[in-house]
């Protein structure tokens, strides 16, 4: 199973940090939030990642190009230029990094990865959200209903794209209105390849025309996640996640 992670936005609401580094590289504890997201997927054996890059893409590329060195203790012998690694991170991920453009919208970034995904079901999420979601149950739910898109619905305080749900079918998708039912877009999508046809081009916002159209067509279903979920949109969000990490046993580390 392939996973697209949207990791190219400007992160303007976190400008205190994103002026220096891209949002997915902001560290929770001693690792970028992107690492934490990938660990959620790899826990369920999903390890084929496609990163839709844009803003400061070179920093994300460099992190993974030097991943082993950055995540290991090591000994360097300058007499023969040899390196011995100790306590190496054992992640066996396959990571494809695609520069989709600094100003490309979220839908456009997904469209840019069409040739890499091919004609198969794929997963999709944002580069700034953590959850203790059961991805096996999410995928099973998607396969059973046979629709074009499954979106994970969560119930935070506010601020996110609201889903109107009738017997698990999404009847309407509205980006960031006042909450009515309390269910919002939590990312962690499962998507059929035909969804690419609903995305016009680089200026398309995923959360507008494509997902709205899928809901109008009756082709979007909601997987209701009742457990932990937290996005990192603002400095306060970052501080909350960092505080949870420092308390020990963060809920998204499965």
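The values are calculated or read from the model by the stated rules, or taken from the named source; none is laboratory data. Because the structure is a prediction, the values reported are computed rather than measured. Neighbour counts run over all protein chains shown; Cβ positions are idealised from the backbone, glycine included.
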* Structure fact -> Among 63, 41, the single one that is within 18 Å of residue 129 (Cα to Cα) and crowded, with 16+ Cβ neighbours inside 10 Å is 41
* Single residue of the stretch 206-234 satisfying the filter (farther than 25 Å from residue 104 by Cβ and surrounded by fewer than 17 Cβ atoms within 10 Å (Cβ to Cβ)) that is farthest from the chain's Cα centre (by Cα) -> 218
* To do: Look at residue 186 and say whether it is closer than 23 Å to residue 134 by Cα and either over 18 Å from the mean Cα position of the chain (by Cα) or touching a residue at least 12 places away in the same chain (Cβ under 8 Å) (or both).
  => yes
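Select from the stretch 30-54 the residues that are assigned to a loop (DSSP other than H, G, I, E, B) and at pLDDT 95 or above and write down the one among them that is nearest to residue 69 (Cα to Cα). Break it down into steps so the answer makes sense when it comes.
Initial filter on the stretch 30-54 (assigned to a loop (DSSP other than H, G, I, E, B)): 30, 44-47, 54.
Going one step further and asking which of them are at pLDDT 95 or above, we end up with 44-47, 54.
Working: 44: 25, 45: 24, 46: 23, 47: 20, 54: 24 Å.
Here the answer is 47.
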* Just for the stretch 71-83: of the residues that are under 22 Å from residue 31 (Cα atoms) and assigned to a strand (DSSP E or B), which one is modelled with the highest pLDDT? -> 75
* Is one or more of the residues making up the stretch 160-181 part of a loop (DSSP other than H, G, I, E, B), in contact with a helix residue (DSSP H, G or I) (Cβ under 7 Å, 6 or more places away or on another chain) and either surrounded by fewer than 18 Cβ atoms within 10 Å (Cβ to Cβ) or modelled with pLDDT of 95 or more (or both)? -> no
* What are the residue pairs meeting all of these: first residue in the stretch 218-232, first residue closer than 20 Å to residue 142 by Cα, second residue in a loop (DSSP other than H, G, I, E, B), Cβ atoms under 6 Å, and 6 or more apart or on different chains? -> 219/147; 219/148; 221/147; 221/168; 222/168; 225/133; 227/132; 229/186
